[in-house]
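All remarks here apply to the structure that follows.
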Amino acid sequence: MKLLTLLAASTALLAPVASAHSPSPSGSAHHGHGFVSKLGCRALKAVMWDRVHLPSSEVYISENLHFWSATTYATPACVFTPESAKDVSRALRLAALTRIPIAVRGAGHLAVPGVSNVDGGVLVALSRMQDMSLSDEKDVVSIGPGLTWNDVYEFLEPDGLVAVGGRLSPVGVSGLLLAGGVSFYGSQYGWAADNIVNYELVLPTGRIVSVNADTNPDLFWALKGGSSNFGIVTRFDLRTHHSPLVWAGIHTVAEEHLPEFNAAIAKFATVGALDPLAATAPAIISPAANITVGGAILFYDSATESYPEALKMFTDIPSLSSSVGFKTLGAFTREVAAATKNGQRQTFCVGSTLATSEAMDLIADTFTPAIGHIRAAAPSANSTVSVTIQTITKAWLERTAEAGGSPLALDPERAPYFVHAQYVEWHDEADDEAVYDFVLGNEDAISDAAKGVGLWDQFKYLGDAARGQDILGSYGEANVARLREIASSVDPKGIWGKLLPGGFKIGGVVGKVVEHVKGSWAEGEEVVEKVRGELHGDHEEEDEDEEEHGEHY
């Protein structure tokens, strides 16, 4: 059914909403927001009734709890579950008309409050967009934004193929790729987003476009780390790679071996990582009070070679436990994910240094003594507290350059880098501020120490961000200016910044958070009139855009 007809049907529901409410004497922000929220949800429900879910419905409850961290729970006015790019297009057009704020969620694995959920607006839950297909040559896989990396790996496994993606099976496709994407294959193939050959994108105007190196190289560059600033991606097309089995596992060492473990992290960055088949994600972990261990996620992209020389600095340390062996990528990501928990309050906090033994020592010497402080300041933080060290190699960044570059501002000539991510689990909302103060304070201390010896780098990886961290600003002035220019070109009226109050923004374009649509009941009636006015306009061009599914921007 055409958008004109659908909008006409929606006014039958919108008009009673407006007439049922006389102007509020207070004209408070709360009332104005509540009315606009109801209006926007009713408009969506009139257009796509089976995809809009109101509070108390089973789908609303299920989707609103479909988040990894309890810090991201919110109370949206309704949940919208699109099934196609056309659904998303219609929703964005209606959202612009009714001024209702929205949030977009893929698999819900980012722990930052307000990024993928919204109070009083529309939660656009992409759970039903799970189409997946392999090209005839089996060199490109097309992936829906509602999928997890476990879905992708299981789909490709029968052909001995992988896509460059998440290291934990439940991580979502969308969030990781729009952040750039750390994977086990970085030194071979760059960031996960460097392996994207095409995006299907719904622009803030509702127009559906294909974005690739030929149709729009600037926007293609911006999407590889620019987060949700340019619309909603409804399909990712990624290159596949042959990797039927890998040698991988988790190698855990006792506290008494932490000095050797920390030295191994530094040695891998400068020696072991020269082998592009090798990858690690080592961490200093305190699973409970008064217990600290070292745990290294070890990976080698080979179906035949075990205990490779590139990882011997870790495997030579006596272990408390070790699960290394041959397995599929999917099986390994499920193994890694088994140690994580859903539904707790969780946060990361990220920073970067150059990868040297001195940098590793200052990270460990700052973080390890502070573990007791967070357990005292936040009593419910009585389980995992950790810091993970990710090595970003020169080869990794060279692969990025070969793929056309990205906004992520790391200079290959300064590589290798350590990107470190603190992590805290806790249970009580009352401890939120103590936890955020702890991780941000630790990060400031690590940064100050690294600056003092010339080892600091400004880059912050979005996928491991904490509330309050300036992620896009860490991409550097030139890249931020380019992102701002690209955002202005696709959204000259700044629609997206008004619709999407949360997330990591590009300053000056989509960076202004709307205070939940302040206004009066009378202003809400004006929105209804605006919808009515749209019905008398010419929507033929919009409908043509919807049907030209592959139209280039």
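The values are calculated or read from the model by the stated rules, or taken from the named source; none is laboratory data. Nothing here was measured: the structure is a model prediction, and the numbers come from that model. FYI the Cβ positions are ideal-geometry reconstructions off the backbone, even for glycines, and counts take in every protein chain you see. Accessible surface areas use protein heavy atoms only, side chains included; no ligands, DNA or RNA. Shrake-Rupley method; radii C 1.70, N 1.55, O 1.52, S 1.80 Å.
Annotations for the structure displayed:
- Looking across segment 421-448, the residues that are among the small types (Gly, Ala, Ser), touching a helix residue (DSSP H, G or I) at 6+ places or on another chain (Cβ under 9 Å) and either open to solvent by 40 Å² or more (accessible area, probe 1.4 Å) or farther than 18 Å from residue 368 by Cβ (or both) come down to 434, 445.
- Flag if residue 330 is closer than 15 Å to residue 168 by Cβ and either part of a loop (DSSP other than H, G, I, E, B) or not aliphatic (A, V, I, L, M) (or both): yes
- Count of segment 92-111 residues, restricted to those that are open to solvent by 10 Å² or more (accessible area, probe 1.4 Å) and either of a type in the set (Gly, Ala, Ser) or not in a strand (DSSP E or B) (or both), is 8.
- Of all residues making up segment 45-80, the number that are of a type in the set (Gly, Ala, Ser), more than 20 Å from the chain's Cα centre (by Cα) and under 18 Å from residue 116 (Cα atoms): 2
- Checking residue 443 against (1) under 29 Å from residue 264 (Cβ atoms); (2) free of Cβ contacts under 8 Å to residues at least 24 places away in the same chain, the condition it does not meet: (2)
- Residue 312 vs. criteria under 28 Å from the mean Cα position of the chain (by Cα) and surrounded by fewer than 19 Cβ atoms within 10 Å (Cβ to Cβ): no
- Strands (runs of 3 or more DSSP E) contained in segment 134-240 and holding at least 2 residues modelled with pLDDT of 95 or more and not β-branched (Val, Ile, Thr): 161-163, 196-202
- Check on residue 59, farther than 30 Å from residue 197 by Cβ, open to solvent by 20 Å² or more (accessible area, probe 1.4 Å) and either touching a Pro at 6+ places or on another chain (Cβ under 9 Å) or not in a strand (DSSP E or B) (or both): yes
- A count restricted to segment 232-269 and to residues that are open to solvent by 20 Å² or more (accessible area, probe 1.4 Å), free of Cβ contacts under 8 Å to residues at least 60 places away in the same chain and either more than 20 Å from residue 299 (Cα to Cα) or among the aromatic types (Phe, Trp, Tyr) (or both) stands at 3.
- Between 290, 212, the distinction of being more than 19 Å from residue 355 (Cβ to Cβ), of a type outside the set (Ser, Thr, Tyr), in contact with a His (Cβ under 9 Å, 6 or more places away or on another chain) and open to solvent by 20 Å² or more (accessible area, probe 1.4 Å) belongs to 212 only.
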